[in-house]
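Report on the following structure.
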Amino acid sequence: RKHKIKCATSRKTTTYQLRMRPHLHRLVWWATIILPARASFDWDTLLRTETPIIANGNVFRAPTTSDGDSCLYMISHTQIIRYCPPAVTPDGTSHTEDSYEDDEPLVLYNDPTARLRGAFSLPPLTSSTESEELRHRRLWILNSHASNRNVDLLEELDVVTGRIVQTLKIPGCADGHDAVRVGESAFIVDTRHGDILEIAIPPSKPLDDSSTVSDDYEYVDIGTLPEVTVIHTHHGFTRADHINNVAVHPRVLLVSVHGGGGIKGELTAGTKDGLSGGTRLGALLRSNVPENDGLEGKDVELTSEHGFTPIMGAGSMCHNIAFWHDAKFDTLKLITLDSDNGGLVSVVTSRPPNDNRGKEFERKVLWTPQPARVNTFLDPPDHAPHGSSYFSKGLAVIHDVAYFSVTHKTPTHLRRTIEHSLLVAVHLPSGRELYTKKIRSHGLISQILTGQYLDVKLRMPRITVVPHDKEAGGPKSINIQPPRKEEQEAHYMFSQQKRENAYLRSEDQVVATVTFNSAKRGIYDEEFQLMNGDSGQTQGCIDPLTNRTRQLPISVTNPEILSSLTSHDVHLMVTSVCRLDTKPLNDFLDELGPQAYLEERVHPDKTTNGLIGARDANLSKFKPGVETILLIFSTRDGHHIYHLPWMQNNHLNGQWKKILLKTILKPLGIPLKKVVRMQIAKMTPGSDIRPHSDRGEWMSHTHRVHIPLLTHELIHFLVGIGQRGAEEWIRIKSGRGNVYELNNGMTHAVRNLGGDRHHLIVDWSDEKRKSVTYMKVGEVCVYVGAVGMDCDGGPENRKGQEL
């Protein structure tokens, strides 16, 4: 006997045919009426409900209430940048300048070694005070690290301190391209394997506002890192599909794909509207949710059998997923980037009933780059790309406005070198460009997160510097000059006693507004100008009363003295030493070129210098964007010195050594045998050195001397006084060649809002050291205990020569 049972869904009727025995009639009939019909996943079903679809740049059908702000959070290769755009009038005809919450982009995080691909906030936590503060301070970052392509990292960032507080590896994930949080889970796009990993968000680390640089450099062994918990691996694509972005629906994962083939050949083949094939917006059934029980029992890519039609031909190499309701015509549209052509497009995904005005999946170009306009903001690259010269990536849609980034098209391996991106705002109903904003992105912007998606208002960094005009009024700037002859005796005898600033002259000069922490905004309490003018004739390094280099008392780094200092004790924090003519050293650096600063990052087999190992993790944590030329280093106690090959006579005929001795050390009155550490530090544009204080036995008996080689007005060198996390910040200013000694036991930080800044930094002792070791080319040395270094040459060959 045959029975046919029809089970209807919203758009499709499925017929089940059953063959039953008479004596089982009732039992089997009861079974048949509870069998589910094949669900339909057409675009009307997915979009025309109140069910939210969550992507990092767009929450479609978002809740009416959100704890997020109206800002954008741009993720580039190396930075997380916060920018709060101006509000737009409903008709899109104008925007009001006074609506800026913060009219300049703010770098929340910078790591030049990273390859950032996504970020998400913490899920709502318990109601405790600390848990709430954690939510406002922490972001999880997807780091597909440039130096390790085999496993991706999930890192927890504290945006107030700028520190990574914990790092976990994502098992089975490599070359991740996107991360989206939904509730207490996150979805990671694993492009290498064609999977989407659903992970549990790890517990956060407790709050810790300490910011001391450890003298024990960290070495992070990725193999020993803890792993995140993978709830489910959603299979369905391959590496050839090259999945890029994901938008999460409770029952399906909408996935942006622009590969050239793989197992989905029937979908990727062919062209449409003259555009290259391979790009589509597909969907993957979520087999691990109760709503899908009994359907497929596994993750599958949805096809016409499921009532789903992939969107083809939106563009070439499309990126990012957002949905928008065009209220005028009650149509629902996909908003995405036609990346390879640098444009923004829309595709109609759902029309109201009986609306036959356009064809299915009608495509419209909303914005395309105009070279004459874009090139006024972005300098064209040196290379000559084929085809279109622009590339768009990173998209957010908030209400009726789309925000996205545009750059000159750049080969994949050079995208980290992109200095600026152009942020474009387009009014979707009219297609009108509202405005553009040049962003110093330091890499391609791949994602633009919305405050609505993050669903939390993040705290601001502890130190934020925003330049403004002199006319606005502000703090006074104080110039510290070398003491006049009649004051030299008093200058020498002040020792550790507190005194008024005896030789300070002031002038009105406005430099910047500073945010001290998340709760306090104001101006610097003081600004100190170390001498006037620029590098010129060498003068005044030796104190005639003592016949020694002008210096701070060596005891100022004593913890008891440090804890007692106030803003009246500037003479114990910094002192002007003298002025040096640094031109010979500057000229020598120009001859070597910028690659000289990259020696520390190259393989030992390729370097012409030596290497001090296990420094990267600590430098990335506290000094992102800083490149160094290391010349002299020491053991932790500072008694045993290591001269790197560049500081020896057999490198470039000893030019480093000759120039440094003649131009720097001899005028300063510092014998080479008393130098404990020496390096040249380069701060790249937009980089920062985070608040920290130096620690270690070596610095308790050394003087830290800075010799600016290249600097500018947009360098903000800050010294903090008071309790950590609530410091009173003082700005120290200095010109090229104006040498000064810094009490590096104080909390200090640097923000670079302009171009490159180069400083020669010398740590020297009043007494000669015990031994010196001359490192070999390519040799790598690392700390061993408090008094030793372990070098490639082996302990038997590395005994230092007595000084």
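The values are calculated or read from the model by the stated rules, or taken from the named source; none is laboratory data. Every value quoted in this text rests on a predicted model; they were computed, and no experiment measured them. We place every Cβ from the backbone using ideal geometry, glycine too, and count neighbours over all the protein chains shown. Ligands, DNA and RNA are stripped out before the accessible areas are found, and what is left, the full protein with its side chains, is counted by its heavy atoms. Shrake-Rupley method; radii C 1.70, N 1.55, O 1.52, S 1.80 Å.
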Net charge (Lys, Arg +1; Asp, Glu -1) of residues whose beta-carbon lies under 9 Å from that of residue 167, residue 167 excluded, is -1
Obtain the nm distance between the two label points defined at residue 608 and residue 205 by a simple spin-label model: each point lies 7 Å from its Cα along the Cα-to-C-beta direction.
3.9 nm
Which residues qualify? For residue 68, with a placed amide H closer than 5 Å and at least 5 residues away or on another chain, they are 455, 456
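How big is Rg to Rh over the range 738-781, alpha-carbon atoms, Rh as the Kirkwood inverse-mean-distance radius? Let's see the in-between values first.
Working: Rg = 15.9 Å, Rh = 15.0 Å.
Ratio value, two decimals: 1.06.
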Distance in nm between residue 761 and residue 592 label points, each 7 Å along Cα→Cβ, equals 1.6 nm
Ordered by packing density, taken as the mean number of other Cβ atoms within 10 Å over each peptide's residues, highest first, how do 662-669, 648-655, 624-631 rank?
624-631, 662-669, 648-655
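As a test of reading the structure, rank 693, 204 by solvent-accessible area (1.4 Å probe, protein chains only), most first.
Details: 693 0, 204 40 Å².
Order by accessible area, largest first: 204, 693.
Given 0.36 nm per residue, what is the gain on full extension from residue 770 to residue 49 after removing their alpha carbon distance, in nm? Each step should come with its number before you reach the end.
Values: separation 721, 0.36 × 721 = 259.56 nm, distance 7.67 nm.
Extending this stretch completely gives an extra 251.9 nm.
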Label-point gap, in nm, between residue 712 and residue 412 - each point 7 angstrom along Cα→Cβ:
3.4 nm
State in Å² the accessible area per residue of the range 609-728; use a 1.4 Å probe, count heavy atoms of protein chains only, and round to the nearest integer.
30 Å²
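Over the range 644-790, with every protein chain in place, what whole percent of the accessible area is carbon and sulfur at 1.4 Å, could you tell me? The partial results should precede the final answer.
Values: 2500 of 4680 Å².
The nonpolar share, carbon plus sulfur, comes to 53 percent.
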Can you compute the label reach from residue 440? Point 7 Å from Cα along the Cβ direction, backbone N cut-off under 15 Å, restricted to the range 736-758.
750-758
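How much length would be gained if the chain were fully extended between residue 373 and residue 659, taking 0.36 nm per residue of separation minus their Cα-Cα distance, in nm to one decimal? Walk me through the intermediate numbers first.
Numbers: separation 286, 0.36 × 286 = 102.96 nm, distance 4.73 nm.
Answer, rounded to one decimal: 98.2 nm.
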Quick one: which residues, 5 or more positions from residue 548 or on another chain, have an amide H under 5 Å from its amide H? H modelled 1.01 Å from N in the peptide plane, none for Pro or chain starts.
543
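Using a ≥ b ≥ c from the Cα gyration tensor of the range 295-346 (square roots of the eigenvalues), is it rounded, prolate or oblate, where a/c under 1.5 gives rounded and otherwise the larger of a/b and b/c decides, a/b for prolate?
Values: a/c = 2.76, a/b = 1.43, b/c = 1.93.
Oblate is the answer for the range 295-346, as a/c is 1.5 or above yet b/c matches or exceeds a/b.
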Sort 195-201, 78-84 for me by packing, meaning the mean count of neighbouring Cβ atoms within 10 Å per residue, highest on top.
78-84, 195-201
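Which of the residue pairs 657/682; 333/393; 359/409 have a Cα-Cα distance greater than 30 Å in the structure shown? Show your work: numbers first, answer last.
Numbers: 657/682 19 Å; 333/393 19 Å; 359/409 32 Å.
Table pairs above 30 Å Cα-Cα are 359/409.
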